[in-house]
Amino acid sequence: MDRRHFLGAAVGLASAAFGVDACGASTIGATEGDALTAHTPDGLKLSARAYGDPKAAEILFLHGLGQSRLSWERQTGGFLAGQFRLVTFDLRGHGDSDKPAAAEAYAQGERWADDVQAVIEAAGLRRPTLVAWSLGGLVAGHYLAKHGDGRVAGVNLVAAVTKLSPDLLTPKSLGFASKLTSSDLAVRAAAIEEFLAACFFTRPSDAVFRRMLVFNSIVPREVQEGVVKISSEGLDAVFAKIPRVLVTHGARDALVRLEMSKRISSFNPRAHLSIYPDAGHALFYERSERFNAELAAFASP
């Protein structure tokens, strides 16, 4: 599907929805969803939520570093929940999920891969579309490498880190590595706030930003120490084989270079690249109306 027809279908789906405000969030009020707990092979409990009709087409969301399942509220609180089965969860070390004290618990891609599989099983998902934001790109890559794409309807890579390479990350992004792992609490606290601010081209309201800062602040330092050790070796071949892939990226992303996403479409001819000119790293929040419409078009059977 070319860009013109893809966007046309997306707009058509969005206009068919009702009870939606300009940000793609429900004017009626977001549901809390159904609480789920996934159990990983290494003994962790992961906190998850499911929204919408269990019989509908499924979407599983993978958030970024320092974030939580609450990052997706403009998706779960909008028209998508009326058309799809949506599942969000807190990655290991994040949100309400277990937080091992050792950095090693976050350094192996296979552990993250098994986490995704555990959530799929706990939620009873048949063949979800994966939406992978930022760190979620590495998580999705390792899931596909270990468990294959047979149970996945498609993958939406959202400003996704698919390769840990300095030339694909911004200098600002690279500068956070030492600050977020500092033993000095004052340094870490300042870095967490700066990192969250860097996720946005258009910053949220102060109230929303403070709420986001809370769940960013409860992520242990060991998570930051471990994720930089996750190997991305061999993942290019995995991403090259995905049968259906949508790649979305904000042109004003201050953390991940646009080249990170462009390279996926360069070696996967089936990839559709959608660039948001006035959005940053958290484009699904800043431009949620467009994002939700494009995701709906992509994830529809």
Within the stretch 151-163, identify whether any single residue is at pLDDT 95 or above, out of contact with any strand residue (DSSP E or B) (no Cβ under 6 Å at 6 or more places or on another chain) and outside any loop (DSSP other than H, G, I, E, B), and answer yes or no. no
Scan the stretch 75-96 and give yes if some residue there is among the polar types (S, T, N, Q) and either within 17 Å of Arg127 (Cβ to Cβ) or in contact with a Lys or Arg (Cβ under 7 Å, 6 or more places away or on another chain) (or both), otherwise no. yes
Output the residues belonging to the stretch 188-203 that are touching a helix residue (DSSP H, G or I) at 6+ places or on another chain (Cβ under 7 Å) and either outside any helix (DSSP H, G or I) or without any contact (Cβ under 8 Å) to a residue 24 or more places away in the chain (or both). Ala191, Glu193, Phe200, Phe201, Thr202, Arg203
Do the conditions hold for Val161, that is, is it under 23 Å from Tyr276 (Cα atoms), buried (at least 17 other Cβ atoms within 10 Å of the Cβ) and β-branched (Val, Ile, Thr)? yes
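Could you tell me whether the stretch 115-123 includes any residue that is at pLDDT 95 or above and charged (D, E, K, R)? Step through it out loud before you land on a result.
If we filter the stretch 115-123 for residues that are at pLDDT 95 or above, which is where we start, we get 115-123.
From what is left, the residues that are charged (D, E, K, R) are 115, 121.
Within the stretch 115-123, one or more residues are at pLDDT 95 or above and charged (D, E, K, R).
Kindly provide the set of residues from the stretch 35-52 that are assigned to a strand (DSSP E or B) and either over 24 Å from Phe298 (Cβ atoms) or touching a residue at least 60 places away in the same chain (Cβ under 8 Å) (or both), ordered by number.
The answer is Ala35, Leu36, Thr37, Ala38, His39, Lys45, Leu46, Ser47, Ala48, Ala50.
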Report, by residue number, each residue of the stretch 53-79 that is out of contact with any Gly (no Cβ under 7 Å at 6 or more places or on another chain) and either without any contact (Cβ under 8 Å) to a residue 60 or more places away in the chain or part of a strand (DSSP E or B) (or both). Asp53, Lys55, Ala56, Glu58, Ile59, Leu60, Phe61, Glu73, Gly77
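Pick out, from the stretch 242-301, the helices (runs of 4 or more DSSP H) lying fully within it that include 2 or more residues that are small (Gly, Ala, Ser) and within 16 Å of the chain's Cα centre (by Cα). Even if it seems obvious, please write down each step before you answer.
Numbers: elements: 258-267, 283-286, 288-299.
Hits in the stretch 242-301: 288-299.
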Which residues, counting only those in the stretch 34-51, are β-branched (Val, Ile, Thr) and closer than 13 Å to Ala113 by Cα? Thr40
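For the stretch 168-187, give me the residue count where each residue is buried (at least 18 other Cβ atoms within 10 Å of the Cβ), of a type in the set (Ser, Thr, Tyr) and not in a helix (DSSP H, G or I). Steps first, please.
As a first pass, look at the stretch 168-187 and keep what is buried (at least 18 other Cβ atoms within 10 Å of the Cβ): 168-169, 173, 176, 180-181.
Remaining after also requiring of a type in the set (Ser, Thr, Tyr): 173, 181.
Now drop any that are not not in a helix (DSSP H, G or I), which leaves 181.
So the answer is 1.
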Under 7 Å by Cβ, and 6 or more places apart or on different chains, what pairs join a residue from the stretch 117-141 that is closer than 18 Å to Asn268 by Cβ with one that is among the β-branched types (Val, Ile, Thr) and part of a strand (DSSP E or B)? Thr129/Ile59; Leu130/Val155; Val131/Ile59; Val131/Val158; Ala132/Val155; Ala132/Val158; Ala140/Val155
Please verify whether Asn216 is of a type in the set (S, T, N, Q) and under 18 Å from Val155 (Cα atoms), treating the condition exactly as stated. no
Any idea which of (1) in contact (Cβ under 8 Å) with a residue 60 or more places away in the chain; (2) outside any loop (DSSP other than H, G, I, E, B); (3) surrounded by fewer than 17 Cβ atoms within 10 Å (Cβ to Cβ) is the one Phe239 doesn't satisfy? (3)
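Among what's in the stretch 96-112 and is in a loop (DSSP other than H, G, I, E, B) and not polar (S, T, N, Q), pick the residue that is farthest from Lys45 (Cα to Cα).
Residues of the stretch 96-112 that are in a loop (DSSP other than H, G, I, E, B), as a first pass: 96-102, 107-108.
Filter once more, keeping what is not polar (S, T, N, Q): 96, 98-102, 107.
Details: Asp96: 9, Asp98: 6, Lys99: 9, Pro100: 11, Ala101: 14, Ala102: 16, Ala107: 18 Å.
If we take residues in the stretch 96-112 being in a loop (DSSP other than H, G, I, E, B) and not polar (S, T, N, Q), then Ala107 is farthest from Lys45 (Cα to Cα).
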Output the number of the condition that Glu233 fails; it satisfies all remaining conditions of (1) touching a residue at least 12 places away in the same chain (Cβ under 8 Å); (2) more than 21 Å from Arg69 (Cα to Cα); (3) of a type outside the set (Val, Ile, Thr). (1)
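The values are calculated or read from the model by the stated rules, or taken from the named source; none is laboratory data. Since this is a predicted model, take the numbers as computed values, not measurements. Cβ: placed from backbone, ideal geometry, glycine included. Neighbour counts: every protein chain shown.
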